[in-house]
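First comes the structure, then the notes that go with it.
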Amino acid sequence: MKDQNAFLYAISSLGFLDSTDYQREFSNLCLDSGFTDDISIEWEREKFVRILLSLGHIELNNKKRIFVCPPQLTLIRKDINHLSVLTGARTPYLLEKLIEYIEYRPELLELIIVEQKHPLARNGAHLLIPDAIFIKSKNVKELRELAKTVQIDYQLEKPNSENLFDFSKSVTDYRNSLMWDKRTTDDPIKSKIKVFSTNYLRFIERSSETTENQQLALYYFPPFYEYWLWECGRGAKVKKDWGRYLLLNLIQKRVLIYNKDSEWLAVPSTLPLPKVLSRSLTLCSGLAPLEVYSEDLSNYGLPYGIPFSVYFLVTLSVAEKIAQRLGQELIINEISPHPDLCNLMI
Amino acid sequence: MSVKKVSWDQAISPVNVAVVYHDLRSSDLPTMDISQIVEKIPSEDAQYFYYIGLYFALIGDTLNGLEYYNRALSINPKFFKAYLSKGDLLLKIGSAEEAIPVFNQSLDYCLNDNQKGLVFGKIGYSYYTLSDYPNAIVFFKRALDMDTKNSYWLNNLGCANTQFGDNVEGSKYIRESFGLNSQNPIIQLNHTYITVLQEGIFHLPQLVIRYLVPINDQKKREKLLKNIIDRYSHLETKNKNYQNYIGLGYLLIGNIERSLQFFNDDGFDCTSISNEIKLQVLYTVLEYINHEKGNFTKYNFLKVLTNLCGSEFILKNTTYQDPEDQNIYILTIYAQCLRDPSPQNYKKLAEVFMTLSHETQTILKTDPVFKQSFSNITDLEDEADCELTKILGNISKYERELNDAHKKNASIFDHVIAVYENILSHSPENTRVMKKLADIFMRMVSYRGVSARTRVLEYYESILRIDPNDEEVKKILLSIRYSSSPKDIKQKIGKNHFKTKNGIGKK
């Protein structure tokens, strides 16, 4: 049995990790599985980094070098109790100090360790996502004292997911910031490798499907890859994450599913959220999103059998804000109960 | 307690996780412990009872599911979703009659046309499962009135019409539904089904190949095959090629006995059959043969299989690794012999025969097809020897001609060694085979050195243990022990020490 925190402990000691080292060590430190044949390692590797980014443990630079963030006590919720989560670097020593401090004040503070052993869908493997360390207290002063004593940074004035919203731009802001300086006549078709399929919600090989006015294409100009968004004969270089949502916004396609009663938001894993928004959503619960493979959602124009990242404890107002930022409209309360389909074969 | 540890599902609540899986229609719900949640239900929260009901329904606990839905409805009698889920659960356990009034009750609490459409659709579906197609058509039409472009209602209306006997109307709606939602696997299947119904009479092979093979679900396959057979039953006695395809259909659904009744010698026109399908057929047969271990009396369809797949294809796609699977290997060689009755193939079959257990050999010897194929089954061992002699002869040639062809030689030797070692594993006291093996290793001494020499010694010592009076072996053993180099050994023993015109080791 591997330690769920192995990767976080390792990178906390090293400070940073190069992408080649990460690729080499991924199976050792981040994956708990004897049979890796059925798993798309590349996909899981990318997913693991995305999850750790959204949990606020790491940051990436342009060369994809992974840096560990400084440890911080971050406020998640403020109701009767103040609930905070530990983000950033972590060592067994830091945990010992936290536990020691809290055990002396059992009536004021509570430490909750949530083991995030998410199953990878369709096989028995687990990603070794670090345990979520929550600290609960009736007043914020105690949390502040704790942070000072164990010498970590803190952000306890306002739930951090709200803070992050203020930093995030919207799809409209992003669209306005683009340089629409490319023309269809100059489209370097030979360099075009893939195009984004709005039917399958992923990049596919160039095909006849994408002759529409709006198109997101991946180009390869050795040694660089670039994403260009085309709209009515004009093109602009875009970032992959925003480009996808911009295109979905242009064709008015809804992809975000929200359940008001259980307060979760499901985002197709093939459409990862821009970093700040994903961090903001994750900090609603402090827990990594759960990956669930959907089955038949074709009635909502969504492809069959795609993975969703499900974020929990997302209030309706937050979900609406996220959707608004992404230029989306939530699929809400329509998804359940399901209609039945007659099958002539049975 | 100031420090506690919980699992991820308990932190989120198993009920919430269950709702996610329900809403995303995923069937991979992980195992979770719900006991703590059930204990902590707020007494007046209908929503909570509903979600727990949903959880039980998802894990297949119908009784608890219904109980919690009822509790939710007793707290909130206007709970639209709870009515629908309760009706769904009743439908799932086959109580459509009980589901209809529950759905009807929910009609009073619909908030919009979409919800009304959903309820009409569910009532229609309940009638459909009761085979009350006229009523099903009425309700599906009412659902369609609420949303004219709903692929689900169009599909359901098409199905109800088809089942009622109106194929034209049924096809129209299903095609329309497929046009709107071609990604849905059930709509795809229904579309296939109506296409099968409408295909011309001369397309039976294509129906089997194009439609039957790609379906993975066994039940659906059976249903479609039944339909095809019903439709083409009048051809059974007339067209032998079609009969073969029906045989293939039965083979694909695993009914080998029935498939045998259809297969005939006319052969397949199999130009349109892809390798994937051939493989599927091949493995179905192999699985059957392996299941019926040692029963070689039902091989009539092998001729058809060989015609369909071709012996080379069979050999290329089967492997012989586990001695327990020897039937598979025998089968492939056997099939090859049927396809191409050349002496070479028979020799290969003879060689494999040598590797079989005594029990299997006995069964084989009584098999009429084997008897027919091999006029004198007792010659099999000699056949194997001849083949090996030929191989060894070739090796000698290589040895003379190529000084650095050790690797190549070694691989040929390895094949021969594998055959003989297999024989030894079944008859561990077979001194004749041991002598052959010792002789082979002797030939390898020049480039494998000590390891080969050790093996030679081992085999000769084993022979002496079994037959201490074998003077010939004693002499050889002495000469090997006192020889100084592999070259000396070779010179002392001589290359053809055991070789005779009929094989090796027969003096």
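Taken together, the values in this text are just the output of simple stated rules run on the coordinates, not laboratory data. Quick caveat, the model's predicted, so the values are computed rather than measured. As a convention, Cβ positions derive from the backbone with ideal geometry for all residues, glycine included, and neighbour counts pool all protein chains shown.
Please compute the net charge surrounding residue A:275, taking Lys and Arg as +1 and Asp and Glu as -1 over other residues with Cβ under 13 Å from its Cβ. Could the numbers behind the result be given before it?
Values: positive: A:50, A:169, A:239, A:240, A:279, A:325; negative: A:59, A:241.
That works out to +4.
Just to be sure I understand: with springs between alpha-carbon atoms less than 10 Å apart, which residue in A:66, A:58, A:80 has the highest mean-square fluctuation in the Gaussian network model of chain A?
Comparing A:66, A:58, A:80 in the GNM, the peak value goes to A:80.
On the first, second and third principal axes, largest extent first, how far apart are the outermost C-alpha atoms of the range A:72-162 in Å?
45, 31, 23
Going through the cross-link list A:321/B:78; B:78/B:122; B:86/B:116; A:190/A:237; B:219/B:240; A:321/B:81, which pairs have a Cα-Cα distance over 23 Å in this structure? Mind dumping the intermediate values first?
Working: A:321/B:78 31 Å; B:78/B:122 18 Å; B:86/B:116 17 Å; A:190/A:237 17 Å; B:219/B:240 27 Å; A:321/B:81 27 Å.
With Cα atoms farther than 23 Å apart: A:321/B:78; B:219/B:240; A:321/B:81.
Quick query: amide H of residue B:7 versus all other amide H atoms, modeled in the peptide plane; which residues come in under 5 Å with a sequence gap of 5 or more or a different chain?
Here the answer is A:115, since their amide H atoms fall under 5 Å of that of residue B:7.
Per chain A: cysteines with no other Cys C-beta under 4.7 angstrom?
A:30, A:69, A:232, A:284
What are the ³J(HN,Hα) couplings of the range A:93-108, residue after residue, when phi is run through the Karplus curve with 6.51, -1.76, 1.60 and θ = phi - 60°? Round to Hz, x for glycine and proline.
Using θ = phi - 60°, the values come out as 5, 4, 5, 4, 5, 4, 4, 4, 4, 5, 5, 7, 10, x, 7, 9 Hz.
Using a 10 Å cut-off around each Cβ of peptide B:25-33, what is the average number of partner chain Cβ atoms that fall inside? Walk me through the numbers on the way to the answer.
Working: counts 11, 10, 2, 6, 1, 6, 1, 0, 0.
So the per-residue partner count for this stretch is 4.
How large is the convex hull of the Cα atoms of chain A per residue, expressed in Å³ as a whole number? Each step should come with its number before you reach the end.
Details: hull volume 59.8 nm³, N = 346.
Cα-based convex hull of chain A, divided per residue, equals 173 Å³.
Can you give the angle from 0 to 90° between the axis of helix A:19-29 and the longest principal axis of chain A, with both taken from C-alpha atoms, to the nearest 10?
Between helix and principal axis, roughly 60 degrees.
For A:313, B:197, what's the fewest-to-most ordering of other Cβ within 10 Å of each Cβ?
On the way: A:313 21, B:197 15.
Least crowded to most crowded, the residues run B:197, A:313.
Run the quick spin-label model on residue A:193 and residue A:169: label points 7 Å from Cα toward the beta carbon, then report their separation in nm to one decimal.
For the pair residue A:193/residue A:169, the computed spacing is 2.5 nm.
Report the residue, chosen from A:188, A:274, A:70, that carries the largest GNM mean-square fluctuation when chain A is represented by alpha-carbon nodes joined by springs under 10 Å.
Per the Cα network of chain A with a 10 Å cutoff, A:188 tops the list.
Take peptide B:176-187, look around each residue's Cβ out to 10 angstrom, count Cβ atoms belonging to other protein chains, and average those counts.
Numbers: counts 0, 1, 0, 0, 2, 5, 2, 10, 6, 7, 9, 5.
That average works out to 4.
Per residue, what volume in Å³ does the convex hull of the Cα atoms of the range A:271-340 enclose?
Values: hull volume 7.1 nm³, N = 70.
Each residue corresponds to 101 Å³ of Cα convex hull volume.
Going by amide H atoms built from the backbone, whose H comes under 5 Å of the H on residue A:202, apart from near neighbours?
Here A:197 satisfy the definition.
When the Karplus curve 6.51 cos²θ - 1.76 cosθ + 1.60 is applied with θ = phi - 60°, which whole-Hz ³J(HN,Hα) does each residue of the range B:72-84 get, with x for Gly and Pro?
4, 6, 5, 7, 10, x, 9, 7, 4, 4, 5, 4, 5
Can you list residues from other chains, or at least 5 along the same chain, whose modelled amide H is less than 5 Å from the amide H of residue A:154?
Answer set, sorted by chain and number: A:73.
How high is the relative contact order of the range A:74-163, given as a whole-number percent (alpha carbon pairs under 8 Å, six or more residues apart)? Could the numbers behind the result be given before it?
Numbers: 120 pairs, mean separation 34.1, N = 90.
Here the relative contact order equals 38 percent.
Listing B:119, A:49 from the residue with the fewest other Cβ atoms within 10 Å to the one with the most, what is the order? List each step's numbers first, then the result.
Details: B:119 27, A:49 18.
Ordered by Cβ neighbours within 10 Å, fewest first: A:49, B:119.
What's the tally of Lys pairs in the range A:131-171 whose alpha-carbon atoms lie under 17 angstrom apart, where the two lysines are 8 or more places apart or on different chains? The partial results should precede the final answer.
Working: A:136/A:148; A:136/A:158; A:138/A:158; A:141/A:158.
Within the range A:131-171, the lysine pair count is 4.
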